[in-house]
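Here is the structure we will look at.
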Amino acid sequence: MNSVSTIIYILGYSTVSFILTMLVTPAFIGFLEKNRFGKQIREETVDGRKSIIFRGLHAKKAGTPTMGGVLVWGITAIIVLLSSLTPFSVLDRGETYLPLFTLVVTGILGALDDYYNIRGIGTKKGIGARPKLFWLTLFALLGAWWFYSRLGYNEIHIPALGDFFIGLWYIPLFAFVIIATSNSVNITDGLDGLAAGLLIVAFGAFGIFAFVNGLFVLTAFCGILMGSLTAFLWYNIPPARFFMGDTGALSFGATLGVIAMLTNAVFLLPIIGFVFVIETLSSLIQISSKKFLGRKIFSITPLHHLFEHWGWAEYTVTMRFWIIGGLTAVLGVIIGLVGLN
């Protein structure tokens, strides 16, 4: 394909994804409401205490349909698989096998966690942190093995410094990136529209890297995700009609990590996903402070809830975090493109 055909190919799939998700979403929300797939507000903090501040901020959201992420990754998977029946396939061994596998498998894991939470199954009303981490680690190691042994990835690119051979160390690095990114997005997904907006920007940034590197099928895959997430965001902005849930946050976060590795731009991930990083750091600082100092540093974490507690309106936090995420994504893209020259 020439450059014009390639752009039409990418934008075409993105548009189809957006339109299809927009058309299906109202019926999907109705299905969630009818079957009472409503969000359960957490009752305890990480140290087992009553989450009084959080419940005060978000008690009104109890019962809002969740598991909306199923719609996004489900439509993405359907479009990718059906595209293989056409001359314009988005299914490619070297570019989209692993992102698609990651999207669906971690989406199923998150869906189980959401379902257990909704139905009150398990001691923690969910799969639990340790079992979830175990399965995420297993999936991440499988993906790392595929990258290293089947696709031949064994180098990393550091902007301004060049490529470095790391051999087998690629496997633990890959696993760490997938686990960290999936959990970071999950932590950030706490306000209407926040995670979805940031994800659209992040997938767009890595889509640019994919395009510049000649990974046009992967670029189309990013476009499909962006189209579906944009339609999801239409119904997720304040006040949200439904939430993405763990099935979305874990899935999209893990997939973002895989795409960062595929485009060899993993060291730009903390810049492009800066908001995800600071949200996660605030929670890690809080947990560490409670464990080692016996007291809290912040009144509540993650950071978006802290700003809410300080009096910022939810939509104010969301839009300002979007602005920060957009600016850091632009910075990351500039650094990445300059580093290629």
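For the stretch 210-222, the tally of residues that are out of contact with any Gly (no Cβ under 6 Å at 6 or more places or on another chain) and either of a type in the set (Val, Ile, Thr) or crowded, with 24+ Cβ neighbours inside 10 Å (or both) stands at 6. Given the criteria on the phi < 0 side of the Ramachandran plot, surrounded by fewer than 19 Cβ atoms within 10 Å (Cβ to Cβ) and in a helix (DSSP H, G or I), does Phe176 qualify? Taking the combined requirement at face value, the residue satisfies it.
Going by the conditions given, is Phe321 in contact (Cβ under 8 Å) with a residue 60 or more places away in the chain, surrounded by 14 or more Cβ atoms within 10 Å (Cβ to Cβ) and out of contact with any Phe, Trp or Tyr (no Cβ under 6 Å at 6 or more places or on another chain)?
yes
Candidates in the stretch 101-150 are the residues that are surrounded by 14 or more Cβ atoms within 10 Å (Cβ to Cβ) and of a type in the set (S, T, N, Q); of these, the one that is modelled with the lowest pLDDT is Asn117.
Residues in the stretch 307-341 that are touching a helix residue (DSSP H, G or I) at 6+ places or on another chain (Cβ under 7 Å), more than 30 Å from Ala160 (Cβ to Cβ) and not aliphatic (A, V, I, L, M): Phe307, Glu308, His309, Glu314, Thr318. Applying the criterion of being assigned to a helix (DSSP H, G or I) and aliphatic (A, V, I, L, M) to the residues of the stretch 238-251, the residue that is surrounded by the most Cβ atoms within 10 Å (Cβ to Cβ) is Leu250. Considering only residues in the stretch 274-298 that are of a type in the set (Lys, Arg) and assigned to a loop (DSSP other than H, G, I, E, B), the one that is nearest to Pro239 (Cα to Cα) turns out to be Lys296.
For the stretch 33-72, give me the residue count where each residue is surrounded by 13 or more Cβ atoms within 10 Å (Cβ to Cβ) and either at pLDDT below 60 or assigned to a loop (DSSP other than H, G, I, E, B) (or both). Residues that pass the stated criteria total 15. Val258 meets the stated requirement of being more than 30 Å from Phe31 (Cα to Cα), part of a helix (DSSP H, G or I) and in contact with a Phe, Trp or Tyr (Cβ under 9 Å, 6 or more places away or on another chain). Looking at Gly167, Gly214, Gly152, just one residue is touching a residue at least 12 places away in the same chain (Cβ under 8 Å) and of a type in the set (Gly, Ala, Ser), and that residue is Gly167. Mind checking which residues of the stretch 179-196 are in a helix (DSSP H, G or I) and either surrounded by 24 or more Cβ atoms within 10 Å (Cβ to Cβ) or within 9 Å of the chain's Cα centre (by Cα) (or both)? Passing the criteria: Thr181, Ser182, Asn183, Ser184, Val185, Asn186, Thr188, Leu194, Ala195, Ala196.
Output yes when any residue across the stretch 299-308 is free of Cβ contacts under 8 Å to residues at least 60 places away in the same chain, exposed (fewer than 15 other Cβ atoms within 10 Å of the Cβ) and of a type in the set (S, T, N, Q), and no when none is.
No, there is no match, as no residue in the stretch 299-308 is free of Cβ contacts under 8 Å to residues at least 60 places away in the same chain, exposed (fewer than 15 other Cβ atoms within 10 Å of the Cβ) and of a type in the set (S, T, N, Q).
Working only within the stretch 153-179, note down all residues that are farther than 22 Å from Ile335 by Cα and among the small types (Gly, Ala, Ser). Scanning the stretch 153-179 gives Gly167, Ala175.
Here's the yes/no breakdown for (1) basic (Lys, Arg); (2) modelled with pLDDT under 95; (3) not in a loop (DSSP other than H, G, I, E, B):
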{"position": "Ile300", "(1), (2), (3)": "no, yes, no"}
{"position": "His305", "(1), (2), (3)": "no, yes, yes"}
{"position": "Glu308", "(1), (2), (3)": "no, yes, yes"}
{"position": "Thr316", "(1), (2), (3)": "no, no, yes"}
{"position": "Met319", "(1), (2), (3)": "no, no, yes"}
{"position": "Leu327", "(1), (2), (3)": "no, no, yes"}
{"position": "Leu331", "(1), (2), (3)": "no, no, yes"}
{"position": "Ile334", "(1), (2), (3)": "no, no, yes"}
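Can Ala254 be described as surrounded by fewer than 24 Cβ atoms within 10 Å (Cβ to Cβ) and within 20 Å of Val70 (Cα to Cα)? In short, no.
The values are calculated or read from the model by the stated rules, or taken from the named source; none is laboratory data. Note that this is a predicted model, so its numbers are computed, not measured. For neighbour counting, all protein chains shown are included, and Cβ atoms are generated from backbone atoms with ideal geometry for every residue, glycine included.
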